[in-house]
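One structure is given here, and the rest of the page talks about it.
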Amino acid sequence: MKRYVLSVLVENHAGVLSRVSGLFSRRGYNIDSLTVGETFNPEQSRMTIVVRGDEYILEQIEKQLSKLVEVISIKHCDLSETVVREMALIKVNASAMNRVGVIETANIFRAHIVDVGIDSVIVEVTGSEDKIASLIRLLEPFGILELVRTGLTAMTRGENVLGE
């Protein structure tokens, strides 16, 4: 099963996310990752959808998405021509004894400490899935208290613009 990243431009109004996710569940396709955000045009949102399957499944997903009235455009992102990022917030046990180690580990990954508590810190990291996974592995011995990841966000390189 190959992994595919789709960038989908949709109309920004209530119910669109539900219709898109419903399309996947009705067809029995699993969404590995889904991020949605308003574009510079407040009437449009951009979805980055990560799915697994073969070429046939990808083709079926694209056909079904294109049938939705709210879908403006769909682009299959070739990962060699796409900037892909994810963000994570990681709450780590950081007592006085290990706080320096947590901060040094975060610095190696160019992560930021965004909150400091008496016995914990929250680390924010942005980058590839591999970078985030590596940081998580190195922070595990300190004790990860909580973790949240955004899912992938993708944009093709160069002059190609989604929707044009």
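What follows draws every value from the coordinates through simple rules; no lab data is involved. All values reported here derive from a predicted model rather than from experimental measurement. A quick note on method: Cβ atoms are made from the backbone with ideal geometry, for glycine too, and the neighbour counts reach across all protein chains shown.
Could you list 11, 140 in order of exposure, starting from the residue whose Cβ has the fewest other Cβ atoms within 10 Å? Write down the numbers at each step before the final one.
On the way: 11 14, 140 11.
Arranged by neighbour count, lowest to highest, 11, 140 become 140, 11.
Round to the nearest 10 and give me the degree value, 0 to 90, for the angle of helix 16-27's Cα axis relative to the longest principal axis of the chain. Its long axis makes an angle of about 80 degrees.
Give the order of 4, 29 when sorted by the count of other beta carbons within 10 angstrom, beginning with the fewest.
Numbers: 4 21, 29 17.
Final ranking by Cβ density, sparse to dense: 29, 4.
Straight-line cross-link reach from residue 63 at under 19 Å between alpha-carbon atoms covers these lysines, not counting any fewer than eight positions away in the same chain: 2, 75.
A helix-only calculation puts the chain at -8500 deg cm²/dmol for mean residue ellipticity at 222 nm, using -39500 (n - 2.57) for each DSSP H run of at least four residues, averaged over all residues. Quick one: angle between helix 99-108 and the longest Cα principal axis of the chain, in degrees between 0 and 90, rounded to 10, please. On a 0 to 90 degree scale, this one is about 40.
Quick one, which of [x] 11, 34, 31, 18, 5, 1, 0; [y] 10, 38, 41, 11, 0; [z] 10, 33, 26, 20, 10, 1 is the actual P(r) over Cα pairs in 10 Å bins from 0, in percent calculated for this model? Answer by label: [z]. In this structure the amide hydrogen of residue 44, modeled in the peptide plane, comes within under 5 Å of the amide hydrogens of 12, 39, none closer than 5 places in sequence on its chain. Counting other Cβ atoms within 10 Å as a rough exposure proxy, the listed residues 63, 131 run 63, 131 from fewest neighbours to most.
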